[in-house]
């Protein structure tokens with residue numbers, strides 16, 4: 001095999017390994033195992049993941065390009081922190097994009113997708129009674145299903161990026177426990193608008209739902225601060 005071909009294969013292997021490592025570190029970040037502000041310790045992660053420090057370094061660069069990690073001069077890479085003001089801005093951006101996703105979903109009127117939303121809504125109704133952690137997980141799945149029903153990969157990538165950034169807020173627990181019953185009633189209104197193919201209502205309700213979530217977060221934050 002020619003030297004150039006060997007170099008190309010090595011580059012592909014390294015790129016693939018770095019991507020796999022980046023996926024693992026991303027899961028650590030989103031789960032809270034690597035909290036906002038935490039330093040990306042190359043030696044510790046290399047040992048834990050069974051790789052050399054090179055792929056860890058490349059993975060950190062990949063995650064920095066996605067907004068999850070930031071480099072500090074002479075200190076290294078850190079899990080990025082999102083301020084409260086930054087989180088509120090994310091809510092505003094997500095509201096507009098979610099409204100657009102709901103409008104597109106209503107245009108598509110995918111019966112299978114609507115059925116999936118109804119199933120998640122029913123599960124959330126049960127979780128809202130006593131299990132905030134489960135409700136939060138189901139809520140993420142509900143919104144992911146909504147966006148997938150819009151059939152717009154670019155829109156999904158934009159919203160996914162914003163959702164990931166929300167995990168970087170140090171007081172993320174404040175945004176995980178809204179008025180769950182009210183939030184789920186809003187979900188049901190969105191489902192019905194999509195099922196009827198009412199694009200305008202779906203857009204309005206989707207955007208209003210995220211803005212209401214922002215208000216619930218602000219109320220929880222004020223309550224915690226007092």
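The values are calculated or read from the model by the stated rules, or taken from the named source; none is laboratory data. Everything numeric in this text was worked out from a predicted model, so none of it was measured. Glycine also receives a Cβ, built like all others from the backbone with ideal geometry; neighbour counts cover every protein chain displayed.
In this structure, does residue 159 turn out to be within 20 Å of the chain's Cα centre (by Cα), part of a helix (DSSP H, G or I), modelled with pLDDT of 95 or more and surrounded by 18 or more Cβ atoms within 10 Å (Cβ to Cβ)?
On the way: within 20 Å of the chain's Cα centre (by Cα): yes; part of a helix (DSSP H, G or I): yes; modelled with pLDDT of 95 or more: yes; surrounded by 18 or more Cβ atoms within 10 Å (Cβ to Cβ): yes.
Yes, satisfied.
A quick yes/no check of all residues on (1) in the same structural domain as residue 137 (by TED's automatic domain parsing); (2) at pLDDT below 90:
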position	(1), (2)
27	no, yes
35	no, yes
40	no, no
53	no, no
90	yes, no
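Of the candidates 67, 99, the single residue that is closer than 19 Å to residue 166 by Cα and part of a loop (DSSP other than H, G, I, E, B) is 67. All conditions but one from (1) closer than 30 Å to residue 22 by Cβ; (2) touching a residue at least 12 places away in the same chain (Cβ under 8 Å); (3) surrounded by fewer than 21 Cβ atoms within 10 Å (Cβ to Cβ) apply to residue 114; the one that does not is (1).
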